[in-house]
Amino acid sequence: MNTIGVIGAGQMGAGIAQVAAQSGYRVLLGDVSLDVAEKGKAGIAKRLARAVEKAQIEQADADAALARIEPQGDHAAFGQATIAIEAATEREEIKRAIFASLGKVLSAQAILATNTSSIPITRLAQAAPDPARFMGVHFFNPVPVMKPIELIRGLATADDTVARVEAFAQSLGKTVVHANDAPGFIVNRVLLPMLNEAIFALGEGVATVRDIDAAVSLGLNHPMGPLTLADFIGLDTCLEIARVLHEGTGDPKFRPAPLLVKYVEAGWLGRKTRRGFYDYSGAEPVPTR
Ligand code: CAA
């Protein structure tokens, strides 16, 4: 059985592991400790159980997918992986440390891919065991639902690496798009200015949280309003991507909204801290402005 490694058992890593396991891959799911990796697997078990309840998948298929996911507390077993996907916290020093550790165990043919949403691939490649077998593979949240995968090659990425990762992405039933190694790639370059502008509008008193979300969601037929989506992504992540766009292009149109900066400084990071543009401590989200 083809083995895939996923490093990071949070929202993105667990989603990637779930989709790969449901597509028949054996998945090594690593995190900072075995306990954290097992918690990631427990979350996947819940989502698979819900899919069975909704009669979207058979119980036997859910069981088989779950059995293919093997939580790991260290990287020793990742030598068996043909592709290792790093989906850890969006901090460069953390990613570099993971690459250094994987470099000791990955096989000479293995590909290392990163799910970074904002860090330049060519720069990260400098910390990879082999820049020719390194590239970006950007999934969207929630991974089991969202169709696209952005593939981003660095300057040194080999054609064969792109071809192998593209074949893998297609085997997950995803739609592959190719992007150059430019700030924000495609989706975040287009999305972040919209989210940021909604936050500017809120900060300038154009409308309330509820009205901005209702207007954009209904007016543009988006499944979520921009402030709900920003909370869903995480306001720290939104700010990080806005800064990458701003610094990477030097274009003032990407400057982060002051209210976004303030919320992140307050530790109001969206759903994950139960407070962002909405308060998530009750049964229903309540707008905070
Ligand atoms: N994990 C797995 N599946 C999930 C999920 C999760 N966290 N959340 C929802 N789903 C699934 C549900 O199981 C359900 O599946 P079925 O229809 O097959 O039963 C489906 O999504 C719809 O869910 P719900 O009915 O509960 O809720 P909804 O209709 O409100 O949809 C949503 C939820 C799919 C998240 C939808 O609101 C949506 O598409 N929102 C926009 C998401 C988006 O824009 N994502 C991109 C973020 S940007 C990004 O990821 C890039 C980056 O680098 C920042």
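Laboratory data are not the source of any read-out in this text; all were calculated from the coordinates shown. Predicted, not measured: the structure shown is a model, and the values here were computed from it. Positions of Cβ are backbone-derived with ideal geometry, glycine not excepted, and every protein chain shown enters the neighbour counts.
Below are the figures for this structure:
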item: HN-Hα J in Hz across the stretch 263-271 - Karplus 6.51, -1.76, 1.60, θ = phi - 60°, x for Gly and Pro; result: 4, 5, 5, 7, x, 8, 9, x, 3
item: Distant-in-sequence amide H partners of Ile111 (H built 1.01 Å from N, under 5 Å); result: Ile83, Ala84
item: Nearest-0.05 FRET efficiency for Glu197 and Ala76, computed from C-beta distance (R0 41 Å); result: 0.30
item: Under 13 Å from Lys39, Cα to Cα: aspartates and glutamates that are on another chain or at least 8 residues apart; result: Asp31, Glu70
item: For the stretch 109-121, 3J(HN,Hα) per residue [Karplus equation, 6.51 cos²θ - 1.76 cosθ + 1.60, θ = phi - 60°, Hz, x = Gly/Pro]; result: 9, 5, 9, 10, 10, 10, 8, 3, 9, 8, 7, x, 5
item: Spatially proximal lysines relative to Lys95 (Cα-Cα < 19 Å; intrachain offsets below 8 disregarded); result: Lys104
item: Longest to shortest principal axis, alpha-carbon extents of the chain, angstrom; result: 56, 47, 32
item: Per-residue Cβ neighbour rank within 10 angstrom, fewest leading, Ile7, Ile152; result: Ile152, Ile7
item: Local electrostatic count at Ala37 - Lys and Arg +1, Asp and Glu -1, tallied over other residues with Cβ under 13 Å; result: -3
item: Value of Rg to Rh for the stretch 199-267 (Rh from inverse mean 1/r over Cα pairs, i.e. Kirkwood); result: 0.98
item: Rough spin-label spacing in nm, given labels placed 7 Å along Cα→Cβ, for Met224 and Gln109; result: 3.9 nm
item: Karplus-derived 3J(HN,Hα), 6.51/-1.76/1.60, for each residue of the stretch 232-247, Hz, glycine and proline x; result: 5, 5, x, 5, 5, 5, 4, 5, 4, 5, 4, 5, 4, 5, 5, 6
item: Residues of the stretch 155-173 with amide N under 12 Å of the 7 Å Cα→Cβ point at Ile186; result: none
item: Out-of-range pairs (alpha-carbon distance over 27 Å; input Lys41/Lys272; Lys174/Lys253; Lys54/Lys174); result: Lys174/Lys253
item: The chain: calculated mean residue ellipticity at 222 nm from DSSP helix runs of at least 4, using -39500 (n - 2.57); result: -14000 deg cm²/dmol
item: Calculated SAXS-style log₁₀ I(q)/I(0) at q = 0.23, 0.31 Å⁻¹ - the stretch 168-210, Debye, Cα scatterers; result: -0.80, -1.01
item: The chain: most fluctuating residue of His222, His75, His178 per GNM, C-alpha cutoff 10 Å; result: His222
item: Protection proxy ranking of 8-18, 125-135, 275-285 - average other beta-carbon atoms within 10 Å, highest first; result: 8-18, 125-135, 275-285
item: Separation in nanometres of the label points that stand 7 Å from Cα toward Cβ, at Gln170 and Ala55; result: 3.4 nm
item: Fully extended contour minus Cα-Cα distance, from Val36 to Met146, at 0.36 nm per residue; result: 37.1 nm
item: Segment Tyr280-Arg91, extension gain: residue separation times 0.36 nm, minus the distance between their alpha carbons; result: 65.5 nm
